[in-house]
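Structure record follows, encoded as structure tokens.
The values are calculated or read from the model by the stated rules, or taken from the named source; none is laboratory data. Computed from a prediction, not measured in an experiment: that's the story for all the values here. Here the Cβ positions follow ideal geometry from the backbone for every residue, glycine too, while neighbour counts run over all protein chains shown.
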């Protein structure tokens, strides 16, 4: 069976993707800083790596037919001090450098075995919606802010694999909707108490993707040789924050909830610089990836929330 090597395989997306790959008949190797207490599952194994020490188990690279690169420090979880900003950048660029060096240091017979590298990126690449709104597309330049420039460095850092005759796919993911963590879990917390907490004005557009579609998209990128370059990994129908929150509340509480706007000032006080991304409106197009033949199962927020709350 083909083998997929995954960095960041113990995170939200990595766990779901590993399961989806195994279900499709792939073997998975997850790179981890420790082999202790790793849950044993059929056709999923673990190998050591250490980004700071630039160490990786070369044997894992030799087994890989494909590499999925998901590694990177969480963006919203911690305050954006200068030290943590550096960690966010370095965790992405230095992990890419480690993969590239590992491929270089393997004999040709093993290096050539890796057919493609699929790397995660983010729609943080783009800036704020302008008026009139024109959905962002892959040829739009990176925003001149922290996340925009981080995404630019991130994508550039993995680009050298193309010089080794590897097919490279970079997926710029939107807000991932999953019951296992991330933004969706945070959106739901106040709803449990009957509060639909709308962020700021609620007018800002959220470009999202259901976790199942994101996993399918990674596998699609692995399996289709005509897919290469950057693609926006977002559903076809972005929605306002208000529409998203109210849809969640309606599904969980029916009519028994109270819409409540959390003022932008409060968000800024709570999150500091991170509030820029939370309050930002970014309408992102998925036409490039659908133009290759990929079909989303969860095209609209109603269908996505219905599945998550079934």
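Points worth noting:
- Selection within the stretch 3-20 - farther than 11 Å from residue 72 by Cβ, in contact with a helix residue (DSSP H, G or I) (Cβ under 8 Å, 6 or more places away or on another chain), modelled with pLDDT of 95 or more and buried (at least 21 other Cβ atoms within 10 Å of the Cβ): 4, 5, 6, 17
- Selection from the stretch 256-278 of residues that are under 21 Å from residue 239 (Cα atoms) and either assigned to a helix (DSSP H, G or I) or within 23 Å of the chain's Cα centre (by Cα) (or both): 264, 267, 274, 275, 276, 277, 278
- Within the stretch 259-294, the set of residues being out of contact with any helix residue (DSSP H, G or I) (no Cβ under 9 Å at 6 or more places or on another chain) and more than 25 Å from residue 75 (Cβ to Cβ) comprises 287, 290, 291.
- When restricted to residues that are closer than 23 Å to residue 143 by Cα and crowded, with 19+ Cβ neighbours inside 10 Å, the stretch 242-274 contains 1.
- Failed condition for residue 72, given (1) assigned to a loop (DSSP other than H, G, I, E, B); (2) out of contact with any strand residue (DSSP E or B) (no Cβ under 6 Å at 6 or more places or on another chain); (3) farther than 26 Å from residue 172 by Cα; (4) in contact (Cβ under 8 Å) with a residue 24 or more places away in the chain: (3)
- Hits in the stretch 279-297 - residues which are surrounded by fewer than 19 Cβ atoms within 10 Å (Cβ to Cβ) and in a helix (DSSP H, G or I): 279, 287, 288, 290
- Spans of strands (runs of 3 or more DSSP E) in the stretch 179-236 with at least 3 residues more than 13 Å from the chain's Cα centre (by Cα) and at negative phi: 195-199
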